[in-house]
Amino acid sequence: MSAKTTDRRGLLIILSSPSGAGKSTLARRLREWDSDLKFSVSATTRAPRDGEVDGADYHFLEESAFKSMVNDGDMLEHAHVFGNFYGSPRGPVQAAIEDGNDVLFDIDWQGAQQIRNSALGQHTLSIFLLPPSISELHRRLVSRGKDDAETIARRMQKSWDEISHWDGYDFVLINDNLDETETQLRSIITATRLRRSQQPGLNDHVRGLQTEFEDLS
């Protein structure tokens with residue numbers, strides 16, 4: 001499926017959840033469903049890791065350049081994490097949505113709040129994914145086999161802080177079944193693309209209808 005069209009503005013689609021709630025898997029499935037749905041490439045002040053490509057994995061910036069972008073309003077959202085700055089540059093996102101493409105953000109509640117309060121906030125669709133239970137969330141983190149016990153405990157501790165902000169999102173889904181949640185996400189995105197604010201050509205269309213009606217009089 002292709003989302004690209006010049007008849008509408010694109011969406012800033014925010015997916016948030018605690019670790020282990022299925023966000024990364026569902027984001028990947030959404031991109032497979034719609035090839036024009038792109039991830040926002042974040043900017044960071046940390047050094048590139050082996051194999052990382054500037055402009056593809058991250059935009060790697062000096063701290064002075066990053067702060068300058070923040071001061072100039074060129075970051076939709078930003079945060080300071082473990083000694084480095086991370087953020088979402090506004091320019092590429094704005095160009096994408098004006099071209100009718102949707103941009104997917106995998107960010108936490110603080111970043112989501114900043115984007116909703118930004119100049120592009122009216123084009124934002126925010127979705128929070130809840131786990132079916134805390135025990136299931138813990139089981140998923142353990143079954144991934146990626147983290148040691150200490151890291152899992154830290155992620156579990158952070159998960160409640162994330163969950164406590166669930167009511168700040170447009171939609172909240174309980175991810176009990178990946179296939180069902182994916183279907184729900186597709187429906188939400190499809191419907192939101194038809195929001196009046198996303199269809200800049202509607203005014204001209206209605207004016208055309210009015211002209212036709214007046215010509216019949």
- Note on the structure: Selection from the stretch 121-139 of residues surrounded by 17 or more Cβ atoms within 10 Å (Cβ to Cβ) and farther than 17 Å from Ala79 by Cβ yields His123, Thr124, Leu125, Ile127, Phe128, Leu129, Leu130, Pro131, Leu137, His138
- Note on the structure: Residue count, the stretch 147-166, condition touching a helix residue (DSSP H, G or I) at 6+ places or on another chain (Cβ under 8 Å) and either over 19 Å from Leu130 (Cβ atoms) or not acidic (Asp, Glu) (or both), comes to 6
- Item | Checklist (1) surrounded by 19 or more Cβ atoms within 10 Å (Cβ to Cβ); (2) of a type in the set (S, T, N, Q); (3) within 22 Å of Leu194 (Cβ to Cβ) applied to Ser88, failing item | (3)
- All positions within the stretch 40-62 that are of a type outside the set (Gly, Ala, Ser) and surrounded by fewer than 12 Cβ atoms within 10 Å (Cβ to Cβ): Arg49, Asp50, Val53, Asp54, Glu62
- Note on the structure: Cβ pairs under 7 Å, 6+ apart or interchain, first in the stretch 186-203 and surrounded by fewer than 11 Cβ atoms within 10 Å (Cβ to Cβ), second assigned to a helix (DSSP H, G or I) and at pLDDT 90 or above, ordered by first then second residue, are Arg196/Leu202
- Message: Here are the criteria: (1) surrounded by fewer than 18 Cβ atoms within 10 Å (Cβ to Cβ); (2) of a type outside the set (Lys, Arg); (3) closer than 27 Å to Arg193 by Cβ. Tell me which single one Asp102 does not satisfy.
- Response: (1)
- Message: Restricting to the stretch 135-179, name every residue that is more than 10 Å from Gly20 (Cβ to Cβ) and aliphatic (A, V, I, L, M).
- Response: Ala149, Ala153, Ile163, Val172, Leu173, Ile174, Leu178
- Task: Mind listing just one residue for me: the one in the stretch 161-183 that is crowded, with 17+ Cβ neighbours inside 10 Å and assigned to a helix (DSSP H, G or I) and, of those, modelled with the lowest pLDDT?
- Result: Glu162
- Task: Please specify each residue of the stretch 26-45 satisfying the condition of being under 15 Å from the mean Cα position of the chain (by Cα) and free of Cβ contacts under 8 Å to residues at least 12 places away in the same chain.
- Result: Arg28
- Query: Is it fair to say Arg29 is modelled with pLDDT of 90 or more and either among the aromatic types (Phe, Trp, Tyr) or closer than 29 Å to His138 by Cβ (or both)?
  - Reply: yes
- Message: For the stretch 46-70, give me the residue count where each residue is over 22 Å from the mean Cα position of the chain (by Cα) and modelled with pLDDT of 95 or more.
- Response: 6
- Give the residue that is surrounded by the most Cβ atoms within 10 Å (Cβ to Cβ), with candidates limited to residues of the stretch 11-25 that are modelled with pLDDT of 90 or more and more than 12 Å from the chain's Cα centre (by Cα). Ala21
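The values are calculated or read from the model by the stated rules, or taken from the named source; none is laboratory data. Keep in mind that what you see is a predicted model, and the values were worked out from it rather than measured. Glycine also receives a Cβ, built like all others from the backbone with ideal geometry; neighbour counts cover every protein chain displayed.
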